[in-house]
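See below for the structure under consideration.
Please treat every number below as a calculation from the coordinates, not as lab data. Given the structure is predicted, the values throughout are model-derived calculations rather than measurements. Using ideal geometry, Cβ is built from the backbone for each residue, glycine included, and neighbour counts are taken over all protein chains shown.
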Amino acid sequence: MAEPVLALDRLNKSFGALHVTRDVCLDIRPGEVHALIGPNGAGKTTLVSQIAGSLKPDSGRIRFAGEDVTRLGVAPRARRGLARVFQISNVVGAFTALENVAVAVLAASGGAFGMGRPALADPALRAKAQDVLDSVGLAGRMAVRAVEFSHGERRALELAMSLVQDPELLLLDEPMAGTGRAEGEKLTRLLLSLKGRIPMLLIEHDMTAVFTLADRVSVLIGGAVAATGEPAVIRSDPVVRKAYIGEDEAV
Amino acid sequence: MSPLAPAPAVPRPRAGIGQTAALMALLAAALALAYGLGSSYGAGLVTRTAILALAAVSLSFLIGQAGLVSFGHAAPLGIGAYAVLIAGEYDMTNILAVLPLAFGAAALFALATGAIALRTRGVYFIMITLAFAQMVFYVAASLSAFGGDDGMAIAARSTFFGARILKPDLHLALLAIALLAAAALGLEHLAASRYGLMLRAGRENETKLEALGLDPYRHRLIAISVAGGIAGVAGALLANQVEYVSPSTMNWHLSGELIVMVVLGGSRRLGGAVIGAMVVVLLDEALGRFTEHWKLGLGLVILGAVLFRGAEVRALLGKFSHG
């Protein structure tokens, strides 16, 4: 089998006496959508921060795209193709959609020091931005400032900013959170259209989205991976049902 | 976010070029008027305005584009002034050497201190830039060979291969306006470039920019150096105008006054700093005639500006609280 895109090897992280990440091993295969679920306080956000590089693990290793990135910071990991979509939509509010995407294009491509021509006058850059905004359903919203976007649109914009960088892995931190039903379904369809092309680690509470999208599901309980397997297996796993999904909840 | 509370508009740097041109024309017209009336006092005032506007524009680039509120901008300005003084003592007065020297020395200082100051954010950045400026102030005051506390007169105004081109005040005034125009247009250009876009993105949302793969540290360091260099040129012009250099050139009062100019005129557009410089210099002169407590009047104007520009000031303060 091909080498996994992302491999976590016995990660541990404590805050004082609180052991938030316990011996976490997890891998994401090429093209796979891997969902990470777990009750509130299971340590999902801490784990995501360690994968993204904003938090250093106490022990353990993180391999990404064939390289040990445990010691690298956020920006170098991002340049290696790790794209993060934040739990709270993280775009530049005062910038237009075009400017946001332009920043994403330039940040990773090394064109970020260009001092010659005006940035937004570059036809190649505009075309690339137009393309990616089309692909997430934001065609015609290029010149609108991100603060004026709806929640779902901002989410789509953030996704566009990730996609334009041709990422090796999409790290999606609760993308459905706060979106309406219709928007959530639209976003699920959008992610479904990317499935197979870009590997994803999907942290999500919305079980419909998880079971629609995921190839495999890992369950985090008390900081440790309680189970990993195909959605159908996880759904019927008694431990998981008891700890997380809830016995009386129909999934 | 509710539509009732729109975020401050994105700076559209290209739109600022017309404003800059209009302001330069205004300065030139004021200069012409002063000469028409035979008022050398008025001409001196215009020159001083243009010089301080040059420093304020560079600070506006730092604050408005990079989001870095430096409370020590008088330091690179003073270093530029001392470059003229010290070079003059070694018989170097050629403007083609003196101006680059002033720019280089000030930019180098800004680079070295900026590299350290950039490890901090918000209010800590303000304090550390102030601390560095105070250090330079006391170093200058201890330079007994160059006047110490009292400062000293420069050997001569800058020359052009021996020709004393800056001797007429008119030439100095024109040079100051021309350099102000060049700096404003150059910085507008920089703000519109890819580099400028990344700088603003870092100001608005540093976390996201890093998650996209760019650590804006080097961008900010460049901005600090360029702004410092330009302030150095302003300092060199100031030394030429008053023909005297003393540590008070880099007093923290001046750093504060430059911030006032930027906030008064608005930091979203570089031209705002020019307007701010005009207002502060005019108030300084007008109120200074009536009362030695003229700073009280300036204080009231600042209060008004804060009330009017509440959103912008809050945005600056918002950054402090994250610091």
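Quick check: net charge around A:Glu183, other residues with Cβ under 13 Å of its Cβ, Lys/Arg +1 and Asp/Glu -1?
Details: positive: A:Arg154, A:Arg155, A:Arg181, A:Lys186, A:Arg189; negative: A:Glu153, A:Glu185, A:Asp206.
Neighbour charge sum, excluding A:Glu183 itself: +2.
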| message | Can you return the lysines within cross-link range of B:Lys208? Criterion is Cα-Cα under 25 Å, with same-chain partners fewer than 8 residues away left out. | response | A:Lys13, A:Lys44, A:Lys56, A:Lys128, A:Lys186, A:Lys195, B:Lys319
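Would you mind getting me the FRET efficiency between A:Cys25 and A:His151? Use the beta-carbon distance for r and R0 = 51 Å, nearest 0.05.
Details: r = 34 Å, r/R0 = 0.67.
The calculated FRET efficiency here is 0.90.
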| Which stretch or stretches of the stretch A:184-208 have amide N atoms under 13 Å from the point lying 7 Å from A:Ala2's Cα along the Cα→Cβ direction? | A:196-200
| message | At 222 nm, what value in deg cm²/dmol follows for chain A if DSSP H runs of at least 4 each add -39500 (n - 2.57) and the sum is divided by all its residues, to the nearest 500? | response | -9500 deg cm²/dmol
| note | CD proxy, 222 nm, chain B: helix-only mean residue ellipticity via -39,500 (n - 2.57) per DSSP H run with n ≥ 4, per residue, nearest 500, stands at -24000 deg cm²/dmol
| Over all distinct alpha-carbon pairs, what is the Kirkwood Rh of the stretch A:1-102 in angstrom? | 15.0 Å
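Take every Cα-Cα pair in the protein assembly as shown and report what % of them are more than 44 Å apart. Please report the intermediate quantities before stating the final value.
Details: 50924 of 164451 pairs.
More than 44 Å apart: 31 percent of the Cα pairs in the protein assembly as shown.
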| field | Percent antiparallel among DSSP beta bridges (both partners in the stretch A:138-229, rounded to 5) | value | 55 percent
| field | Percent of Cα-Cα distances greater than 25 Å, calculated over chain A | value | 44 percent
| message | Given a Förster distance of 30 Å, report the FRET efficiency between B:Leu143 and A:Phe113 from their Cβ-Cβ distance, rounded to the nearest 0.05. | response | 0.20
| Debye-sum result for the stretch A:163-207 in log10 I(q)/I(0), which assumes one identical scatterer on each alpha carbon, at q = 0.31 Å⁻¹ | -1.25
| said: I'd like to know how the stretch A:95-166 sits against the 2.2 N^0.38 Å rule of thumb: what's its Cα Rg over that expected value? | reply: 1.03
| remark: With Cα coordinates, the longest principal axis of chain B makes an angle with the long axis of helix B:16-36, in degrees rounded to 10, of 20 degrees
| query | Angle between the Cα long axis of helix B:194-204 and the longest principal axis of chain B, 0 to 90 degrees, nearest 10? | reply | 60 degrees
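Starting from the coordinates of the alpha-carbon atoms of chain B, obtain the Kirkwood hydrodynamic radius over all distinct pairs and give the value in Å to one decimal.
On the way: mean 1/r = 0.0502 Å⁻¹.
Over chain B, the inverse of the mean reciprocal pair distance is 19.9 Å.
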